[in-house]
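Peer 1: Attaching a single structure in structure tokens format; questions to follow.
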Amino acid sequence: QVQLVESGGGLVQAGGSLRLACAASGRTFSRYLLGWFRQAPGKEREFVAAISWSGGWISYAAFVKGRFTITKNNAKDTVYLQMNSLKPEDTALYYCAATISSSSNDYRDYNHWGQGTQVTVSS
């Protein structure tokens, strides 16, 4: 049973930073892709960033390039999302997800999800 637990969300002013963490357990993740998605009220879930467990493949949504960085710590089975220069439009529930797919930005390919962590950016 794959378990993903997010942490690190909170309230921050525009221009500030947060680091989200996703702790994975229950499976060997060497073949998994770990991704971050977000969903704001009344909007569809959207891709933010993803990284292969080997680190050989990384992808970002266009709207976060240069501001967000996805990294991982294999020893801790944890993936991080460093978010800088946050904007009010980044306010959303952020989810960690995993897929056996080798490369995907589509949430429909991800079949393991965490409960989400709320990020709120005030103006």
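The values are calculated or read from the model by the stated rules, or taken from the named source; none is laboratory data. As the structure is a computational prediction, the values presented were derived from the model and not from experiment. Here the Cβ positions follow ideal geometry from the backbone for every residue, glycine too, while neighbour counts run over all protein chains shown. We work out accessible area using only protein heavy atoms, side chains counted, and drop any ligands, DNA or RNA first. Shrake-Rupley method; radii C 1.70, N 1.55, O 1.52, S 1.80 Å.
Peer 1: Which residues, taken from the range 1-45, are touching a residue at least 40 places away in the same chain (Cβ under 8 Å) and among the acidic types (Asp, Glu)?
Peer 2: Glu6 - this is the single residue of the range 1-45 that is touching a residue at least 40 places away in the same chain (Cβ under 8 Å) and among the acidic types (Asp, Glu).
Peer 1: Okay, next question. If I ask for residues that are surrounded by 14 or more Cβ atoms within 10 Å (Cβ to Cβ) and either without any contact (Cβ under 8 Å) to a residue 24 or more places away in the chain or outside any strand (DSSP E or B) (or both), which ones from the range 107-123 would you list?
Peer 2: Matches in the range 107-123: Tyr107, Asp109, Tyr110, Gly114, Gly116.
Peer 1: I've got another one for you. Select from the range 92-106 the residues that are open to solvent by 40 Å² or more (accessible area, probe 1.4 Å) and either of a type in the set (D, E, K, R) or touching a Lys or Arg at 6+ places or on another chain (Cβ under 9 Å) (or both) and write down the one among them that is modelled with the highest pLDDT.
Peer 2: Looking at the filtered set, the residue picked out is Leu93.
Peer 1: Counting just the residues of the range 59-77 that are surrounded by 20 or more Cβ atoms within 10 Å (Cβ to Cβ) and closer than 14 Å to Asp90 by Cα, which one comes out modelled with the lowest pLDDT?
Peer 2: Selected residue: Val64.
Peer 1: Right, Ala21: in contact with a strand residue (DSSP E or B) (Cβ under 9 Å, 6 or more places away or on another chain), surrounded by 20 or more Cβ atoms within 10 Å (Cβ to Cβ) and closer than 15 Å to Gly114 by Cβ or not?
Peer 2: no
Peer 1: Now for a separate question. Any chance the range 80-94 includes a residue that's small (Gly, Ala, Ser), under 13 Å from the mean Cα position of the chain (by Cα) and closer than 24 Å to Gln1 by Cα?
Peer 2: For the range 80-94, residues small (Gly, Ala, Ser), under 13 Å from the mean Cα position of the chain (by Cα) and closer than 24 Å to Gln1 by Cα: absent.
Peer 1: Restricting attention to the range 35-58, and to residues there that are among the aliphatic types (A, V, I, L, M) and in contact with a Ser or Thr (Cβ under 8 Å, 6 or more places away or on another chain), which single residue is most open to solvent (accessible area, probe 1.4 Å)?
Peer 2: Residue satisfying both the conditions and the ranking: Ile58.
Peer 1: Report whether or not Gly15 is more than 11 Å from the chain's Cα centre (by Cα), at pLDDT below 95 and not polar (S, T, N, Q).
Peer 2: Taking the combined requirement at face value, the residue does not satisfy it.
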